[in-house]
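Structure first, commentary second.
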Amino acid sequence: MENLGALAALGVIGPGIGIGILGGLAAAAIGRNPDATPQIRAQFILGAAFAEGLGVLAIVVAILAIVL
């Protein structure tokens, strides 16, 4: 039963990598076009929120797998 929780907790790795890639690409885009910073920042925050939501979902699934 605890193996299922550990397996579900591995789902946090994906969003972490995704946010890292997203941050790097956003920094590169702002470096290329500083005038577009507000639009790039808005898209970055939205993408990071979705990725973080998947991480939280993976933690919830891990807790449910341990408890149930």
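The values are calculated or read from the model by the stated rules, or taken from the named source; none is laboratory data. The structure presented is a predicted model; accordingly, all values stated were derived computationally and were not measured. Here the Cβ positions follow ideal geometry from the backbone for every residue, glycine too, while neighbour counts run over all protein chains shown. SASA here: full protein model, heavy atoms, side chains in, ligands and nucleic acids out. Shrake-Rupley method; radii C 1.70, N 1.55, O 1.52, S 1.80 Å.
Among the conditions (1) surrounded by fewer than 12 Cβ atoms within 10 Å (Cβ to Cβ); (2) of a type in the set (A, V, I, L, M, F, W, C); (3) touching a residue at least 12 places away in the same chain (Cβ under 8 Å), the only one that residue 61 does not satisfy is (1).
Considering segment 31-58, the residues that are open to solvent by 70 Å² or more (accessible area, probe 1.4 Å) and among the β-branched types (Val, Ile, Thr) include one that is farthest from residue 11 (Cα to Cα), namely 45. Scanning segment 34-60 for residues being over 16 Å from the mean Cα position of the chain (by Cα) and not acidic (Asp, Glu) gives a total of 6. Residue 8 falls short of the stated requirement of being surrounded by 12 or more Cβ atoms within 10 Å (Cβ to Cβ), modelled with pLDDT of 95 or more and not aromatic (Phe, Trp, Tyr).
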